[in-house]
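Below: one structure, written as structure tokens.
The values are calculated or read from the model by the stated rules, or taken from the named source; none is laboratory data. Because the structure is a prediction, the values reported are computed rather than measured. Cβ sites come from the backbone with ideal geometry, for glycine too, and all protein chains shown count toward neighbours. We work out accessible area using only protein heavy atoms, side chains counted, and drop any ligands, DNA or RNA first. Shrake-Rupley method; radii C 1.70, N 1.55, O 1.52, S 1.80 Å.
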Amino acid sequence: MIDGVAALVDWKAAFDAALASGPFDPSSEFFDYTVVYTFFGKDRFGTAFSTRAAAPFIMGRPGPCPLSLSPRTVSVTGIPNDLSGTDDNPADDITFHVTGGTHPYDVISGNIDIINAPGPLPQDTSSFTVDPNGVTTQVDVILTVFDGQGDSVQAVVTVKP
């Protein structure tokens, strides 16, 4: 019987070593790493022990991560905007975060009278904020994000009076 066995896996060292070995190439499909691990603890007689070893491994990446949008559903009370399209009140502003897919991203709104989407996002931008307009009845607005490969993901914003 072994009491209190724990293992530390030094993933950070594996990634640091991989990055130090040359420039990172995002088009590479497989990356070589070495993980260093340490087992330590005490046996049933109270004698401490530890062992350290390394193991090489390959981490594959068959392609880019799938396109994702967060949040996917949100509900907010819309505050009427002025003629400039904003209400200067962040209480109804919603920030979305895009991950995966391929740049550039393009955002469109299913109802520009309620939510005017930002359209194409700058190259290194993966988040955007929308400011819903006020409504007299509850409205669901679908925001769609397209990536550079034509993949899309949607979010539903429920705007309430």
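Which one is farthest from Pro80 (Cα to Cα), of the residues in the range 110-126 that are open to solvent by less than 60 Å² (accessible area, probe 1.4 Å) and either of a type in the set (Gly, Ala, Ser) or in contact (Cβ under 8 Å) with a residue 40 or more places away in the chain (or both)?
Only one residue fits best here, namely Ser126.
Tell me the residue from Thr137, Thr129 that is more than 18 Å from Arg72 (Cβ to Cβ), without any contact (Cβ under 8 Å) to a residue 60 or more places away in the chain and among the hydroxyl-bearing types (Ser, Thr, Tyr), please.
Details: Thr129 fails: more than 18 Å from Arg72 (Cβ to Cβ).
On inspection, the qualifying residue turns out to be Thr137.
Going by the structure shown, is Phe39 surrounded by 14 or more Cβ atoms within 10 Å (Cβ to Cβ) and modelled with pLDDT under 85?
It is true that Phe39 is surrounded by 14 or more Cβ atoms within 10 Å (Cβ to Cβ) and modelled with pLDDT under 85.
Considering Val107, Val156, which residue is part of a strand (DSSP E or B) and open to solvent by less than 20 Å² (accessible area, probe 1.4 Å)?
None of the other options fit; the residue is Val107.
Quick one: is Thr99 open to solvent by 40 Å² or more (accessible area, probe 1.4 Å) and farther than 18 Å from Ser152 by Cα?
no
Can you tell me which residues in the range 134-153 are assigned to a loop (DSSP other than H, G, I, E, B) and open to solvent by less than 40 Å² (accessible area, probe 1.4 Å)?
Gly134, Val135, Asp147
Looking only at the range 42-75, how many residues end up being at pLDDT 80 or above, of a type in the set (A, V, I, L, M, F, W, C), under 22 Å from Gly101 (Cα atoms) and open to solvent by 80 Å² or more (accessible area, probe 1.4 Å)?
0
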